[in-house]
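The values are calculated or read from the model by the stated rules, or taken from the named source; none is laboratory data. Here the structure is a predicted model, which means the values were calculated and not measured. Cβ placement follows ideal geometry from the backbone for every residue including glycine, while neighbour counts extend to all protein chains displayed.
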Protein chains: 2
Amino acid sequence: MNPSPKAIGIDIGGTKIAAATVNAHGTILARATLPTEAEQGFPRAVARLAQAVDRLLQQAGCAPSDLAGVGIGCAGPVDPAAGLINNPFTLAGWNRCDVVSPLRQRFGVPVWLENDADAAALGECWRGAAQGLDPVVMLTFGTGIGGGVIAGGEIYRGADGEHPELGHVPVDPAGPPCYCGTRGCLESLASGTAIGKAGQTAGLPDAPAVFAAATRGHDAARHIVERARHAAATAAWTLFHTFLPKRLVLGGGIMNQHFSLFATAIDAQLRHATQFTRSGVTVARAALGNDAGLVGAAALVFRRMATPVSQGPSAS
Amino acid sequence: MNPSPKAIGIDIGGTKIAAATVNAHGTILARATLPTEAEQGFPRAVARLAQAVDRLLQQAGCAPSDLAGVGIGCAGPVDPAAGLINNPFTLAGWNRCDVVSPLRQRFGVPVWLENDADAAALGECWRGAAQGLDPVVMLTFGTGIGGGVIAGGEIYRGADGEHPELGHVPVDPAGPPCYCGTRGCLESLASGTAIGKAGQTAGLPDAPAVFAAATRGHDAARHIVERARHAAATAAWTLFHTFLPKRLVLGGGIMNQHFSLFATAIDAQLRHATQFTRSGVTVARAALGNDAGLVGAAALVFRRMATPVSQGPSAS
């Protein structure tokens, strides 16, 4: 085996694509960011991405023979088995787009594609807040709320390889309606969008303003934040009684700012739980920040290196 | 490999122990039932169980060389890795009781122990309502509500090998308090105990009386049944957004009688779901009835026969 293998990790989001050369220790050696510009078409984005990868390999002094593979986390829905991005929702026009084949042909290495929430969870397990723990659930509180589950060292997949939709776990049937089709799911109560929208009815422009006003004792803002904390605690209860993670990792913009606020609510609720062993079970803030997806994408490459791989999974 | 291997499947409950000789097709060849009599001590129960197994082997014409192994499903908590029953709650005095070693020594074959809800789920996957499907979630609605998850062909295990507690998924924060430590979990709203208790406040003696009165149009009874249906539908929503089963199997006394009532509520709610692919995803009534645990316990033996096993997992 190559003594110093490198991976390319790629994180494709609605507005930008981040890519990095990562070594087998999870250290980022070189990085690049490019605008996604999904509306300019998928082939053009792939061509720009391939050029960026060329530059990243050069910058990291990575010979072609050192490249072990390419891992991609992408805003879902994606089809990991087929290597397809099926996300016309936030990547305009990108439906049934094969991102794996062109990169595999260009670089002659295996290429893996996963949902970005799963890649982030894997990154936190490999080099972040959940090293050596299993199972692990990660929730990312941003504009929406996404999640990933790592169990038995693998990304948990449901029917037809689909990805858990942890933001849409029901919390309160009296809550607001959500595009997912129910009322009062976690995302409808605790996402940045939900908090911002609730704030607007109280004359507060956005989610940061709601948190700031709550700190100052603004009644409506405090109520909105309490509701979000309660939603997070209830969803955590659900996750600890279903997936039973050894650690629940909380990431995303809201948790970067307000982790303690939410973790104390979760801990207070879990303290009453009698039906699972709470000993050694913890809630932790994500450690890798915006790099979790990149590092996790690289982890897709290195975790497969124990078994010889000549082609990506989509070649089957 | 033996051309006609047999397994002994054992289902240990609070009041009775069922045991059977089962062939590799999942057919029950001979069966026995004995009272658990947990309070008379664990060693005595094991001795009686071993004698019952002797008789079962004789009745099924099973030579010692035909016996491939013994599988046990037991009312939890159990520790499958250590082969220990840790259930002083419904099996008086049975704490840290090693059921695997004595049976392995007596019969000279591998012995496996699992939670009875997991064994039942495995039974339904092997020979019941979920054959060939994966992942599968089974919920059993009885006195309480238990569940098991089969994913990637294996029993899903959480932190420290623990077993999901699907009856304690939160449904409605305005619901009744539960011994699990929260309010309004599935079990607190839809178990036989919960329905019976709610019925008593309306002058109805037990859960069957509540269902019967609801059919006659009794207002309070209808309200209780509607609340239970809504709880089942909400919990199903949670399970389809977390474990994403290909099939949700509903078993237990309540579902034997009232499956359609609950399945229509679940289907009606899931019809609105936008965030997972509902195509090919189904809710089904358990097919094996009270034999699911027995058959699943035998499945523990046969599913391990593909790889050579000389000793049970607790020997490690």
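For segment B:230-257, filtering for residues that are more than 8 Å from chain A (Cβ to nearest Cβ) and either crowded, with 21+ Cβ neighbours inside 10 Å or in contact with an Asp or Glu (Cβ under 6 Å, 6 or more places away or on another chain) (or both) leaves 14. Exactly one residue out of B:Val210, B:Val169, B:Val136 is touching a Pro at 6+ places or on another chain (Cβ under 7 Å), assigned by TED's automatic domain parsing to the domain that holds B:Gly252 and β-branched (Val, Ile, Thr), and it is B:Val136. Restricting attention to segment A:162-213, the residues that are touching a residue at least 24 places away in the same chain (Cβ under 8 Å), of a type in the set (A, V, I, L, M) and surrounded by fewer than 23 Cβ atoms within 10 Å (Cβ to Cβ) total 1. Specify the residue that is farthest from B:Tyr179 (Cα to Cα); the eligible residues are those in segment A:265-277 that are touching a helix residue (DSSP H, G or I) at 6+ places or on another chain (Cβ under 8 Å) and surrounded by fewer than 18 Cβ atoms within 10 Å (Cβ to Cβ). Among those that are touching a helix residue (DSSP H, G or I) at 6+ places or on another chain (Cβ under 8 Å) and surrounded by fewer than 18 Cβ atoms within 10 Å (Cβ to Cβ), it is A:Ala268. Counting just the residues of segment B:122-134 that are hydrophobic (A, V, I, L, M, F, W, C) and farther than 21 Å from B:Ala68 by Cβ, which one comes out surrounded by the fewest Cβ atoms within 10 Å (Cβ to Cβ)? Filtering segment B:122-134 for residues that are hydrophobic (A, V, I, L, M, F, W, C) and farther than 21 Å from B:Ala68 by Cβ, the one surrounded by the fewest Cβ atoms within 10 Å (Cβ to Cβ) comes out as B:Leu133. Just one of the listed residues (B:Val46, B:Val70) is in contact with a strand residue (DSSP E or B) (Cβ under 9 Å, 6 or more places away or on another chain), over 20 Å from B:Gly142 (Cβ atoms) and buried (at least 21 other Cβ atoms within 10 Å of the Cβ), namely B:Val70. When segment A:162-204 is filtered for residues that are more than 7 Å from chain B (Cβ to nearest Cβ), in a loop (DSSP other than H, G, I, E, B) and small (Gly, Ala, Ser), the ones remaining, listed by number, are A:Ala174, A:Gly175, A:Gly184, A:Ser191, A:Ala202, A:Gly203. Counting only strands (runs of 3 or more DSSP E) that sit wholly inside segment B:1-98, not one has at least 1 residues that are outside the structural domain of B:Ala299 (by TED's automatic domain parsing) and within 19 Å of B:Glu162 (Cβ to Cβ). Whether any residue in segment B:147-161 is within 14 Å of chain A (Cβ to nearest Cβ), surrounded by 17 or more Cβ atoms within 10 Å (Cβ to Cβ), modelled with pLDDT under 95 and assigned to a helix (DSSP H, G or I) is what I want to check. Within segment B:147-161, one or more residues are within 14 Å of chain A (Cβ to nearest Cβ), surrounded by 17 or more Cβ atoms within 10 Å (Cβ to Cβ), modelled with pLDDT under 95 and assigned to a helix (DSSP H, G or I). Taken over segment A:129-146, the residue count meeting the criterion of being touching a helix residue (DSSP H, G or I) at 6+ places or on another chain (Cβ under 6 Å) and part of a loop (DSSP other than H, G, I, E, B) is 4. Is it fair to say A:Thr238 is in a helix (DSSP H, G or I), touching a residue at least 40 places away in the same chain (Cβ under 8 Å) and more than 27 Å from B:His168 (Cβ to Cβ)? So A:Thr238 fails the test.
For segment B:258-279, residues that are at the interface with chain A (Cβ under 10 Å from one of its Cβ atoms) and assigned to a helix (DSSP H, G or I) total 2.
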